[in-house]
Amino acid sequence: MADINSIASEIRDLTAKMIEVGLCVEPNFPRQASYASDDGAVDEVSIAGLEEVSVALRNRPYAETYEVIREKRAFNMRLIDGALVQLRYRFRGGELLKHVLSFYPSPDLLEYQNDPEVYETDILFAEVVMKDIVTTPIRFDFDLAAFEDYVHPASHFTVGQYRNCRIPVIGALTPHRFLNFVLRAFYNTPYHELCSDWRRVAQDFPITATKRERCDLHWSFFNE
C-alpha cells in the first residue's frame, strides 16, 4: 500500500515527466511536512499555501477561483493550456486520512485566440482548443473523517464544484491513477503519443467503497 514517501516520490516523478514531454510549463514541486494533532502527528505532502487558498475560495465564481490559484501558485503543475493540477495527501501513523486531487481547466485560452492556426496543428493542443468545449473543474477527494455510508463516500468524485456532488470511487487514488485519468480524458492525443508507457511508483490504496455504494453507479478500477 502507498505511504507518504512513495506518494511524494510519484508526484515528483510525474512532474518531471510532464516537463520533459512539454505538457507542464510551470512546475511547483511538493514539500513534505509533519505537524502535531490531538490524535497524533500528521504527515502531509502538499504545496505551500494550498490550505489557505482553498478556504478563501469557497463559493466564488469559477473564473475568479482559477485566477487566484494561478496568481498564488497554489498548484503542482500549470499545463500548456493553462490548466492547473493540485495534489495533496495527509497520513497519520502510515494510514491515509485525506487527499484532494484537483484539475482546474483554464476558463479561456488567450494565446490560442490570438493565433489559432499554430495551436490547431500541435498535438499537445489537439483536443483542448476546440471552440465548443465547456471548461469544468473536477476533483477526487478522500476523507475518512467525513465518511457516511451512501451519503458521503470516503473516496468520491466531484464535477463542476457542485457542493453535494459526491460520486463514489472504489478507493483513494494514487497520483499516477489521477494524472493518468486526466491525461486520457482531456489530453488524449498527447497521452497516447507521449505518456501511455508511464508506470506507477506507489501501490494502490485499499478499497473503501461500501457494498451499498458499489451496488449503485460508481467509479472503479482494477485494484492490484
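The values are calculated or read from the model by the stated rules, or taken from the named source; none is laboratory data. Keep in mind it's a predicted model, so treat the numbers as computed, not measured. A quick note on method: Cβ atoms are made from the backbone with ideal geometry, for glycine too, and the neighbour counts reach across all protein chains shown. Just so you know, the surface numbers come from the protein's heavy atoms only, side chains and all, with ligands and any DNA or RNA stripped out. Shrake-Rupley method; radii C 1.70, N 1.55, O 1.52, S 1.80 Å.
When the stretch 137-158 is examined, which residues are found to be over 15 Å from Gln86 (Cα atoms) and β-branched (Val, Ile, Thr)?
Listed by number, the list holds a single entry, Val151.
Given the conditions (1) modelled with pLDDT of 95 or more; (2) assigned to a strand (DSSP E or B); (3) within 22 Å of Asn180 (Cβ to Cβ), report the number of the one that Val25 does not fulfil.
Result: Val25 fails condition (1) only.
Given Phe186, Phe178, which one is touching a residue at least 24 places away in the same chain (Cβ under 8 Å) and closer than 27 Å to Val42 by Cα?
Of the residues listed, the single one that is touching a residue at least 24 places away in the same chain (Cβ under 8 Å) and closer than 27 Å to Val42 by Cα is Phe178.
Identify the residue in the stretch 94-115 that is over 20 Å from Ser155 (Cβ atoms), at pLDDT 60 or above and not hydroxyl-bearing (Ser, Thr, Tyr) and, among all such residues, is least open to solvent (accessible area, probe 1.4 Å).
Pro105
Restricting to the stretch 79-93, name every residue that is at pLDDT 95 or above and either part of a loop (DSSP other than H, G, I, E, B) or open to solvent by 30 Å² or more (accessible area, probe 1.4 Å) (or both).
Passing the criteria: Arg90, Arg92.
Can you tell me how many residues in the stretch 165-199 are assigned to a helix (DSSP H, G or I), in contact with a helix residue (DSSP H, G or I) (Cβ under 7 Å, 6 or more places away or on another chain) and open to solvent by 10 Å² or more (accessible area, probe 1.4 Å)?
5
Applying the selection to the stretch 143-164, what residues are aliphatic (A, V, I, L, M), within 19 Å of Glu95 (Cβ to Cβ) and open to solvent by 50 Å² or more (accessible area, probe 1.4 Å)?
Answer for the stretch 143-164, where residues must be aliphatic (A, V, I, L, M), within 19 Å of Glu95 (Cβ to Cβ) and open to solvent by 50 Å² or more (accessible area, probe 1.4 Å): Leu144, Ala145.
Filter the stretch 200-220 down to the residues that are open to solvent by 40 Å² or more (accessible area, probe 1.4 Å), under 20 Å from the mean Cα position of the chain (by Cα) and farther than 14 Å from Ala2 by Cβ and list them by number.
His218, Trp219, Ser220
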